[in-house]
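**Q** Dropping a structure here in structure tokens format, bear with me for questions.
All of the numbers you see were taken from the coordinates with simple rules; none came from a lab. These figures come from a predicted structure and were not determined experimentally. Note that each Cβ is placed from the backbone with ideal geometry, even for glycine, and that neighbours are counted across all protein chains shown.
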Amino acid sequence: MTPELILTNDGSHSFLQNELNETYHSVHGAIQESAHIFIEAGLNRCAKDQLHILEIGFGTGLNAFLTLHECESTRQKVAYTAIELYPLSTESACLLNYPDILASEKKDLFYQLHTAPWHNHIQLTPQFELYKIQEDFSSMTLTGYYDLIYFDAFSPEKQPEMWTKDRFSMLYKHCKPGAILTTYCSKGIVRRALQSAGFSVERIPGPPGKREILRAMKE
Ligand SMILES: C[S@@+](CC[C@H](N)C(=O)[O-])C[C@H]1O[C@@H](n2cnc3c(N)ncnc32)[C@H](O)[C@@H]1O
């Protein structure tokens with residue numbers, strides 16, 4: 001079933017996945033949420049000039065687009081790997097207003113995030129390389145090593161298989177020393193699963209509508 005386009009409170013779009021009754025972002029503001037959790041609490045905490053980033057749940061491409069935009073002036077190289085089992089159609093992606101709000105001159109780049117072939121390394125800008133993997137995160141095996149992980153799966157209530165200790169242990173193994181993982185979910189069960197996988201975990205203030213989020217680190 002095609003997800004339904006919705007407008008969130010900061011004026012940016014998101015989608016509602018009807019079968020799970022889950023939105024791709026907070027209804028309080030999609031851009032506001034992604035910028036807070038993944039860019040400010042994640043990307044901007046990484047001092048390295050060359051970064052390997054892994055995203056769990058590519059979805060609308062908003063996190064990738066924010067990263068591409070942010071890194072243009074702040075990093076030399078970003079290799080961005082995104083995992084997604086159910087890619088949006090290009091028609092659906094074209095409905096999203098992110099380029100209009102964030103950087104209309106990068107509209108084509110936003111579409112290229114979606115039209116780029118899967119399982120190919122694509123250099124989208126001099127700084128930003130994209131590698132999309134269409135696989136089931138709950139059972140796949142990773143190969144790369146990462147400095148930063150955007151953990152953006154649907155909620156643990158709806159998809160518990162994405163948030164297990166086993167999955168976080170695999171991520172931990174594929175983190176470089178000092179790597180950071182951020183996620184919108186602050187549930188105790190997720191915090192404890194991250195800790196038992198080896199991460200040090202802190203609760204930090206969330207975006208509007210969310211008191212706390214989690215930031216985990218491989219020390
Ligand atoms: C919360 S949304 C992601 C939001 C996304 N980061 C964005 O900015 O739009 C969760 C995403 O996980 C994807 N997904 C669901 N089950 C999955 C699975 N087993 N493996 C990989 N991705 C999955 C969904 O299709 C959806 O795009």
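**Q** Among DSSP bridges having both ends in region 29-217, what percentage is antiparallel? Round to the nearest 5.
**A** 35 percent
**Q** Let me ask another. Just from its helices, what would the mean residue ellipticity at 222 nm be for the chain, if runs of 4 or more DSSP H residues each count -39500 (n - 2.57) and the sum is divided by every residue, rounded to the nearest 500 deg cm²/dmol?
**A** Helix-only estimate at 222 nm: -6500 deg cm²/dmol.
**Q** ³J(HN,Hα) across region 170-177 via Karplus (A = 6.51, B = -1.76, C = 1.60, θ = phi - 60°), whole Hz, x for Gly/Pro?
**A** 5, 4, 4, 4, 9, 8, 6, x
**Q** Using R₀ = 22 Å, calculate the FRET efficiency as 1/(1 + (r/R₀)^6) where r is the Cβ-Cβ separation of Lys165 and Leu85; round to 0.05.
**A** Rounded to the nearest 0.05, the efficiency is 0.60.
**Q** Restricting to DSSP loop positions (anything but H, G, I, E, B) with no more than 14 other Cβ atoms inside 10 Å of their own Cβ, which trypsin sites (Lys or Arg not before Pro) remain in region 89-160?
**A** Lys158
**Q** Given R₀ = 25 Å, FRET efficiency for Asp136-Gln195 by Cβ-Cβ distance, to 0.05?
**A** 0.50
**Q** So what are the three principal axis dimensions of region 108-169 from its Cα atoms, in whole Å, longest to shortest?
**A** 36, 24, 18
**Q** Report the local net charge at Thr2: Lys and Arg +1, Asp and Glu -1, summed over other residues whose C-beta lies under 14 Å from its C-beta.
**A** Here the charged neighbours net out to -3.
**Q** When only C-alpha pairs under 8 Å and at least 6 residues apart count, what is the relative contact order of the chain, in percent?
**A** 19 percent
**Q** How large is the translational diffusion coefficient of region 29-217 in µm² per second when you combine the Kirkwood radius over alpha carbon pairs with Stokes-Einstein at 37 °C and 0.692 mPa s?
**A** Rounded, D is 197 µm²/s.
**Q** If I take every Cα pair under 8 Å that is 6 or more residues apart in region 91-181, average their sequence separation and divide by the length, what percent do I get for the relative contact order?
**A** After rounding, I find 22 percent.
**Q** Still on this structure, I have one more. Local charge sum around Ser139 (other residues, Cβ-Cβ under 11 Å, Lys/Arg +1, Asp/Glu -1)?
**A** -3
**Q** Mind giving me the FRET efficiency for Leu7 and Lys158? R0 is 30 Å, r the Cβ-Cβ distance, nearest 0.05 is fine.
**A** For R0 = 30 Å, the calculated efficiency reads 0.85.
**Q** What does the charge count near Ala82 come to, summing +1 for each Lys or Arg and -1 for each Asp or Glu among other residues with Cβ under 10 Å from its Cβ?
**A** Taking every other residue near Ala82 into account, the sum is -2.
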